[in-house]
Amino acid sequence: MNRSIVIKNTKKLIIIILSFVILTGCSSGTASDPAINKSVSGTAADKNVTEPDKNGIVTVTDMEGNDVEVPVNVEKVACISQSATDLMIAFGLGDKIVGTYRSFTYNPWAGVIYPKALEYKAYSYSVSAEELLKDGVELVIIQDTENAEAFRNAGIPVIAVHQYSPEGVFDEEIYETAHILGEIFGEETKREAAEWERDVKDAINEVSSLKKSTCDETVYYINGEKQKGLFYSDGGNSMISSILSTAGLSLATEKYEVLNVHDVSDEEMIKLNPDAMLIGGAYQNYLMQELYDSELWSNLDCVKNDRVYRIPVAMTGIENVSAETPVMIRYTASLFYPDYDYDLDKDLKENIKKYFDYDLSSEDVYNMKNAFSKDGEVMVNAE
Amino acid sequence: MQNDYYKGLRSYYLTVAICLVVIAALFLISLFTGRYMIEPEEVIAFIENKEIPELSGRIITKLRIPRTIIALFTGASLAVSGAIYQGVFNNRMASPDLLGVSSGASLGACIGILMDLSFEKIVIASFAAGNLTVCITVMIAKLIGKQTEFSLILSGIATGGLMSSCIGLTKYLADDERKLSEITYWLLGSFSSSTMKEAAFISPVLTICFMICLLSVNTIDIISLGKKEAKVSGVNYNMSVLILISCATLMTASCVSVSGVIGWVGLTVPNLVRLVFGNMHRKVLMLSMLLGIVFMMLTDMLARTLSPDEIPLSVITGIIGTPLFLFSVIGRRKRDKVLQ
């Protein structure tokens, strides 16, 4: 008898406790709504949302097609993209950067060419929204949008930029990041971006004229920005594919979309048998060693024919969309057109002087070409 | 004898009360804990509906409250579903992870991400795949033969392995720069993108499941005795098992769809409760729910406070959960020896 009363009471208690738990959850939820209005009301941010000020907000379409509202006069940017960071510094916006993608901070040349880069915080793609708010970030420019939703939830506008085209061929997209920066930061930046675009187009025109002499070679590219091995490459919708096609060459992995690390098997590599190979990024010295140590890779025709070429590393690997893109376009062509009269050292010096106001010595250029630091040490990327 | 019973009941209610106080305290603490420093006074002012700095208000309302509510529901759901699987299958090793439900629900969600489905559709895909996985697991266990602990676990491991391979396939097919990272990040579990919309979406479903489960505690006790005993007691065995497993799977799938895969909660928490309070499900379910909430809220606070990046939740639940689970297993063995 007593036991059944206890069980009945227990059931009642369970229901009461459950109701309490649910109410706790729901009340927290409902309480938050007026709180949003309350806490945000009266602030500049809220006025921008509720009473849009045409002069206070600029709407930018990012590379994923999102229309993003960005306040003008943004002062603190988390630029979690090496490419966009390079361009921002080149366009005189380096002061606005609070932090950048961590690989950028590991490149010793960034701090040499632009000392303020040493003060940048190193962010990963999965940095927390609160960390960005703590740093006072007003805008995020990011390459990998895995955590973008969290930033948006925190009220931070997010601009997605990419080194590949979701549509297919990466063509006009080369200029997209620069255009976006121009839209966000105003007329002066638009002028800088337009001048850079002219430089890139000049380089493309110069190289395109070389295509009269037939060159239909295939090139395999190893992305050494991270130590992901010899199979880490890019596909047909990437920046490197676009650079090669400008010079009348084709990427050996053209048929792939942006590649994953192990998408190319050993047998596939033998089948691809590229005519030449390009190795870029801070890890290229390690990868070069790995290449010559590997029985498979060292027996590829391009390796035996000594047609493995390095890509210089400047503010960033120059094969990325960057201020150094015109240099990369001309340099790539020079490797395959022996008659093309080109001086990489001179071009690189002029480019770095023009965009970053830094005078490279001949030794500096030598080190960049070999992915060494200013002191001639092998570049070690801590990632 | 009756004194012991009431003594046990008293300590149970006392634990429930303590858990409720701890949950309320953790909820408050979670509002001022994180990478961005918010003073407790600001949180109190916020609760009192007073003016606080815009940024603090934004962080509390847009980030911390949604993720804390989702942590609360997720902790409760995973722990309760683990307790139900253990009760229904009469197997202390059963949990959403070991039965392959988490992997199955993950596969559904991965396919949803790959196909660019909306959030609601991802939940449905996750639920369908989770349920399908349970069916496959139970069928394989029956094929293996005797309904021992091991046949079920073995089939769970096999099914989970199959689902993991399929997840691997979705990762292989995913776009490297966008969807692959989204899938990878999501598979490790995180509350970083939690919103009130998500909380509002899952809370009614989970609440109904909690109600059904908590009102079925006596049925679970009977079911755990076996099919024959259940029939003798007048319980519709098949229907009850179906409803309970569906509830547990729906809870797991809902959590997986909003926060990714979070391991160990469903296995560790109910086993700890069973160690202390025995196997009566009215105690096991309620305390699992409350301790699951405590466990998950603490995990979330660590995940978002220890480092500038969000630490994946499964990393923390694994580090904390493993020793706790071993403790519960060793504790149970010692207790069984004493009783013998």
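Laboratory data are not the source of any read-out in this text; all were calculated from the coordinates shown. Keep in mind that this is a model prediction, so the values were computed, not measured. Because the Cβ atoms are built from the backbone with ideal geometry, glycine has one as well, and the counts that use them run over all protein chains shown.
Things to note:
- Each stretch of four or more DSSP H residues adds -39500 (n - 2.57); spread over every residue of the protein assembly as shown, this sum gives -19500 deg cm²/dmol at 222 nm.
- The dipole here belongs to the range A:211-369: it is taken about the Cα centre, uses +1 on the Cβ of Lys and Arg and -1 on the Cβ of Asp and Glu, and is about 280 debye.
- Spatial separation of Cα centroids for the range A:298-366 and the range A:102-181, in angstrom: 25
- Residues whose amide H falls under 5 Å from that of A:L251, counting only those 5 or more places apart or on a different chain, are A:V219, with hydrogens built in the peptide plane.
- A run of chain B free of exposed loop cleavage sites, with GluC sites (Glu not before Pro) counted only in DSSP states other than H, G, I, E and B and at most 13 other beta carbons within 10 Å, reaches its longest extent at B:52-340.
- Charge dipole (debye, nearest 20) of the protein assembly as shown; +1 at Cβ of Lys and Arg, -1 at Cβ of Asp and Glu: 6100
- When A:E197, A:E187 are arranged by Cβ crowding within 10 Å, least crowded first, meaning fewest neighbours, the order is A:E187, A:E197.
- The range B:225-292-the range B:95-154 distance, computed between alpha-carbon centres (Å): 16
- Amide proton proximity set for B:M280, modelled H, under 5 Å, gap of 5+: none
- Using the Stokes-Einstein relation with a Kirkwood hydrodynamic radius computed over Cα pairs, the translational diffusion coefficient of the range B:79-207 at 20 °C and a viscosity of 1.002 mPa s comes to 138 µm²/s.
- Relative contact order computed over chain B (Cα-Cα under 8 Å; 6+ residues apart), in percent: 29
- Unit charges on C-beta of K, R, D, E only; dipole of the range A:307-383, Debye: 180
- 3J(HN,Hα) from dihedral phi, the range A:235-246, Karplus parametrisation 6.51/-1.76/1.60, rounded to Hz, x for glycine, proline: x, x, 9, 9, 4, 5, 5, 5, 4, 5, 5, 4
- Protection proxy ranking of B:101-107, A:225-231, B:70-76 - average other beta-carbon atoms within 10 Å, highest first: B:101-107, B:70-76, A:225-231
- Cα lying deepest toward the dipole's positive end in the protein assembly as shown, options B:T74, A:L244, A:S265, charges on Cβ: B:T74
- The range A:113-163: relative contact order as a whole-number percent, Cα under 8 Å and 6+ apart: 35
- Per-residue shielding of B:189-196, expressed as the average number of other chain Cβ atoms within 10 Å of the residue Cβ, stands at 5.
- Each residue of the range A:333-343 was assigned a 3J(HN,Hα) from its phi angle through the Karplus expression (A = 6.51, B = -1.76, C = 1.60, θ = phi - 60°), giving 4, 4, 6, 10, 10, x, 7, 6, 7, 9, 10 Hz with x at Gly and Pro.
- For the peptides A:201-211, B:151-161, the ranking by packing is B:151-161, A:201-211, with the highest mean count of neighbouring Cβ atoms within 10 Å listed first.
- Among B:D4, A:D266, a tally of other beta-carbon atoms within 10 Å of each Cβ gives an order, fewest to most, of B:D4, A:D266.
- Residues A:T105, B:T61 arranged by fewest to most Cβ contacts within 10 Å: A:T105, B:T61
- Between amide H atoms placed 1.01 Å from N, distances below 5 Å from A:I57 occur with A:V72, all of them 5 or more places distant or on a separate chain.
- Mean sequence separation of contacting Cα pairs (under 8 Å, at least six apart), scaled by the length of the range A:53-189, corresponds to a relative contact order of 27 percent.
- Between the range B:312-332 and the range B:9-64, the alpha-carbon center distance in angstrom: 26
- Rounded to whole Hz, the Karplus (6.51, -1.76, 1.60) HN-Hα couplings of the range A:359-376, x for glycine and proline: 8, 7, 7, 4, 5, 4, 4, 4, 5, 4, 5, 9, 6, 9, 7, 4, 7, x
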